[in-house]
Amino acid sequence: MFDPFIAPSGTLLGLLQRGRGDGTLHALAAPRPEALAALNHCVVSDPRHDWQVENRSLYYARLYLDLDGGIEEIERHLADPDDHLDTDDSRTGLALSVLGHLASYGRDDALALLRRYAANGANWAWALDELALRDDDAGLRSLALPVLARFPATDQGAAELAAAVRDSFEPRPWRLWAEDPREAVGARVRAAGEQGSFDRWQRQMRPGGPRPGWSVQAVFDWAQQALERGSELHVPAARCISAVAGPDDLHLIVEAARGGPEGARCAALHYLAEAGDPAVLDLIEAAAVSSARTVADSAIAAFERMTSGDAVERARRWAHRPDALGASAAGVLACRGAAQDAPQVLGALREAVRGDGPDDPRLWTLVDGAGRLGIACAAPVLRHVYRETSSSHLRGRAARALAATDPFFATGFAVECLWDCEETTREVAALHAETGDVRVAERLRRLAADPAEEAEVQTAVRSRIGPDAPAV
């Protein structure tokens with residue numbers, strides 16, 4: 001999947017793509033056709049950089065309800081011939097999730113479209129999972145024959161059906177179908193379920209990793225072989241070394257960390273870092289400038305997992321370096337440093353934004369660190385990250401940091417955060433938004449009454465509008 005085009009943050013489309021609360025507020029104030037066009041664009045052209053962790057579906061579904069929007073564009077997207085050519089979940093997953101939320105709000109047209117797509121669409125399993133949470137038993141039973149028709153009555157078809165039953169996220173439809181008295185339905189699903197359980201048991205009986213009786217060298221060999229096959233198993237290998245290593249093996253491990261084969265070196269560095277061995281810091285420093293990218297990356301990752309005082313002290317020395325190890329050291333100070341480290345964290349935060357923009361991966365820990373250390377003068381940079389980043393998770397972290405550093409957060413960004421796409425951001429807003437704003441009072445009441453809202457958000461809301469809370 002290509003990175004999506006994200007419109008400027010000052011436009012309605014850019015706000016909706018980012019999932020910002022201001023996107024909803026601007027859409028409700030814009031001409032309805034313009035707002036619906038931007039909303040449909042977002043739903044059929046997923047704007048998320050990481051669709052597996054960023055939330056948008058409930059945010060867009062709520063806006064469809066507020067705008068009284070139809071789902072014709074979603075239907076056209078799902079019925080497009082590309083549906084059977086581009087079968088990646090990311091093409092239709094967001095649209096199906098939006099339909100699921102609309103169905104939970106009582107939109108019968110969304111429920112009917114989900115049923116049709118589950119019967120005929122390429123991403124039928126996702127649609128079936130949405131229906132499993134929202135449809136009644138009769139609706140699910142009506143899909144048994146169309147879904148099972150996807151699996152021919154051959155050995156390969158039976159294997160694919162068993163995998164589908166075994167790997168389903170929501171087992172409710174399959175359990176209903178297993179009770180069906182028809183041979184072509186109930187018997188097939190029961191047999192598939194039994195085969196899936198047998199397959200899982202066979203995998204458990206044939207573990208493919210190290211055994212307790214292995215030596216440290218055998219674990220190193222396993223890690224190296226995995227790397228040569230294209231799999232990086234350095235961290236699991238380090239845990240295995242912890243299980244099999246004895247005092248006499250320390251010299252072998254240190255030598256591997258100093259200059260062994262790539263797989264063994266990476267595993268040894270992770271093991272020594274987890275053990276908190278002070279000698280590993282010099283080994284990490286040497287490995288971080290290795291010409292082997294895997295070794296350099298593993299050295300930095302191993303360092304970032306260290307929690308000792310020695311690691312923090314070394315981070316203070318390394319934070320001035322202009323390379324990846326210096327950036328990693330700034331992140332360690334952001335996570336585990338003290339007040340004295342605030343200037344270095346702030347400098348790294350500013351440099352990351354100047355150098356690579358508001359979506360730099362380094363910003364996640366640096367933004368958290370600015371909030372943890374209460375760096376008040378970081379607020380302007382945090383506001384910029386909040387406005388411009390296309391990552392709703394990073395924006396949520398920026399909101400939490402602003403709550404700790406910006407005296408104007410409660411009357412500013414906290415208000416729009418009540419409409420944000422991420423539940424953790426709405427939770428922060430519910431705790432901090434100034435209730436003197438009439439929009440805040442109404443929004444808190446609406447969130448408290450919405451059955452689709454997350455429990456953590458509603459708990460935060462109740463802390464502001466409950467019987468012991470100040471009047472809203």
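The values are calculated or read from the model by the stated rules, or taken from the named source; none is laboratory data. As the structure is a prediction and not an experimental result, all values here were calculated from the model. Note: ideal-geometry Cβ built from the backbone for every residue, glycine included; neighbour counts use all protein chains shown. Ligands, DNA and RNA are excluded from the accessible area calculation, which covers all protein heavy atoms including side chains. Shrake-Rupley method; radii C 1.70, N 1.55, O 1.52, S 1.80 Å.
List of remarks:
- Just so you know, the Rg over Rh for segment 34-111 is 0.94, from Cα atoms, with Rh as the Kirkwood radius.
- Whole-number accessible area per residue in Å² for the chain, which is evaluated in the context of all protein chains at 1.4 Å: 46
- Rg/Rh for segment 354-418 stands at 0.93; both radii use Cα atoms, and Rh follows the Kirkwood definition.
- Of all accessible heavy-atom area on segment 385-472, the percent that carbon and sulfur account for (1.4 Å): 53
- All alpha carbon pair distances within segment 236-314 were sorted into 5 Å bins beginning at 0; the resulting P(r) in whole percents reads 3, 18, 32, 25, 16, 5, 0.
- Cα-only radius of gyration and Dmax that characterise segment 285-331, units Å: 9.9, 29
- Spacing of the two label points (7 Å from each Cα toward its C-beta) at VAL53 and SER231, in nm: 2.3
- Principal axis dimensions, segment 1-158 - Cα atoms, whole angstrom, descending: 56, 34, 26
- Lys, Arg +1 and Asp, Glu -1 on Cβ, resulting dipole of the chain about Cα centre, debye, nearest 20: 620
- Theoretical FRET efficiency, 1/(1+(r/R0)^6), r = Cβ-Cβ of GLU313 and LEU133, R0 51 Å, to 0.05: 0.50
- Average 1/r across all pairs of distinct alpha carbons in segment 20-78, invert it, and you get the Kirkwood radius: 11.9 Å.
- As an equivalent ellipsoid, segment 300-459 spans semi-axes of 32, 15, 13 angstrom, where each value is the square root of five times an eigenvalue of the C-alpha gyration tensor, largest first.
- Computed P(r) (all Cα pairs; segment 342-385; 5 Å bins; percent): 5, 27, 42, 21, 4
- Tail beyond 18 Å, pair distance distribution of segment 68-164 (Cα, percent): 46
- When the chain is reduced to its Cα atoms, the Kirkwood hydrodynamic radius in Å: 25.7
- Stokes-Einstein D (µm²/s) once Rh is taken as the Kirkwood radius of segment 1-53 over alpha-carbon pairs, at 25 °C in 0.890 mPa s: 219
- Here the simple spin-label model places points 7 Å from the Cα toward Cβ, and for GLN156 and ASP437 these points are separated by 5.8 nm.
- Take the chain and mark each of the GluC sites (Glu not before Pro) that is in a DSSP loop with at most 15 other Cβ atoms within 10 Å; the longest unmarked stretch, sites excluded, is 180-433.
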